[in-house]
Amino acid sequence: MTKTIVVTSLIDAAPDVVWREVGTTRLLQFITSPLIRFKPVEPKVWPEVWGEGEYLCSMQLFGFLPIGRQVIDISFPPPDGDTRYVRDNGRSASIKRWDHWISISPEGEGTRYEDRLDLDAGWRTPVVAAFAKAFYTNRQSRWRKLAAHGFRYEEAA
């Protein structure tokens, strides 16, 4: 059973700034807080900037409740006009498909940011989809907050 989730926001920052930030592992930790905390397993330490390839991580709900491991499989598909993409074609033991596309494109003086997720978690799909919707809504709220603080992470925390 496959389900698609789409969440879109306008971020008050130039697309080049959003693109620079989306490539950092620091951003992942900031925008996924407080719902999920990701910890690197392989490699043991993440690079400052994502490269293409697979990253195994453990996940903790609310920073303390273990919820398993996931492969984050990063690629950078070719742009389509002014729209740039990051893809995480991830998976875990309980989620067969976690195909997450981030699109970044100019809109007015800011950036249109979209999370699109195609997921298949078998019989768990409806529950995982509901959580994913809340997760991506929280992520985008944290993005907007970070942009409002000029990408000064300590002030936005």
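The values are calculated or read from the model by the stated rules, or taken from the named source; none is laboratory data. Computed from a predicted structure; not experimentally measured. Using ideal geometry, Cβ is built from the backbone for each residue, glycine included, and neighbour counts are taken over all protein chains shown. Just so you know, the surface numbers come from the protein's heavy atoms only, side chains and all, with ligands and any DNA or RNA stripped out. Shrake-Rupley method; radii C 1.70, N 1.55, O 1.52, S 1.80 Å.
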> (1) open to solvent by 30 Å² or more (accessible area, probe 1.4 Å); (2) of a type in the set (A, V, I, L, M); (3) touching a Phe, Trp or Tyr at 6+ places or on another chain (Cβ under 8 Å): which one isn't true of Ile102, the others all being true?
Replying inline: (1)
>> Here is a check on your reading of the model: is Ile95 surrounded by 15 or more Cβ atoms within 10 Å (Cβ to Cβ), of a type in the set (A, V, I, L, M) and within 23 Å of Glu48 (Cβ to Cβ)?
In response: no
> Just to be sure, is Tyr136 buried (at least 19 other Cβ atoms within 10 Å of the Cβ), closer than 18 Å to Thr32 by Cβ and touching a His at 6+ places or on another chain (Cβ under 9 Å)?
Replying inline: yes
>> Please pick out the residue among Phe38, Phe64, Phe30, Phe76 that is open to solvent by 30 Å² or more (accessible area, probe 1.4 Å), of a type in the set (Phe, Trp, Tyr) and farther than 22 Å from Glu107 by Cβ.
In response: Phe64
> Before we move on, is Gly51 at positive phi, small (Gly, Ala, Ser) and either surrounded by fewer than 17 Cβ atoms within 10 Å (Cβ to Cβ) or not in a strand (DSSP E or B) (or both)?
Replying inline: no
>> For segment 66-118, give me the residue count where each residue is hydroxyl-bearing (Ser, Thr, Tyr), in contact with a Gly (Cβ under 9 Å, 6 or more places away or on another chain) and in contact (Cβ under 8 Å) with a residue 60 or more places away in the chain.
In response: 1
> Could you count how many residues in segment 111-132 are surrounded by 17 or more Cβ atoms within 10 Å (Cβ to Cβ) and within 25 Å of Pro15 (Cα to Cα)?
Replying inline: 8
> Gly81 passes all but one of (1) touching a Phe, Trp or Tyr at 6+ places or on another chain (Cβ under 8 Å); (2) among the small types (Gly, Ala, Ser); (3) over 14 Å from Gln140 (Cβ atoms); which number fails?
Replying inline: (1)
>> Take Ala156 and tell me if it is among the aliphatic types (A, V, I, L, M) and farther than 16 Å from Thr32 by Cα.
In response: no
>> Cβ-Cβ distance below 9 Å, separation of 6 or more or different chains: which pairs start in segment 19-33 with a residue that is assigned to a loop (DSSP other than H, G, I, E, B) and end on one that is among the aliphatic types (A, V, I, L, M)?
In response: Gly23/Val49; Gly23/Val86; Ser33/Ala157
>> Which pairs turn up if I take residues in segment 34-51 that are closer than 10 Å to Gly63 by Cβ and look for partners that are open to solvent by less than 30 Å² (accessible area, probe 1.4 Å) and aromatic (Phe, Trp, Tyr) with beta carbon separation below 9 Å, at least 6 apart in sequence or on another chain?
In response: Leu35/Phe135; Ile36/Phe135
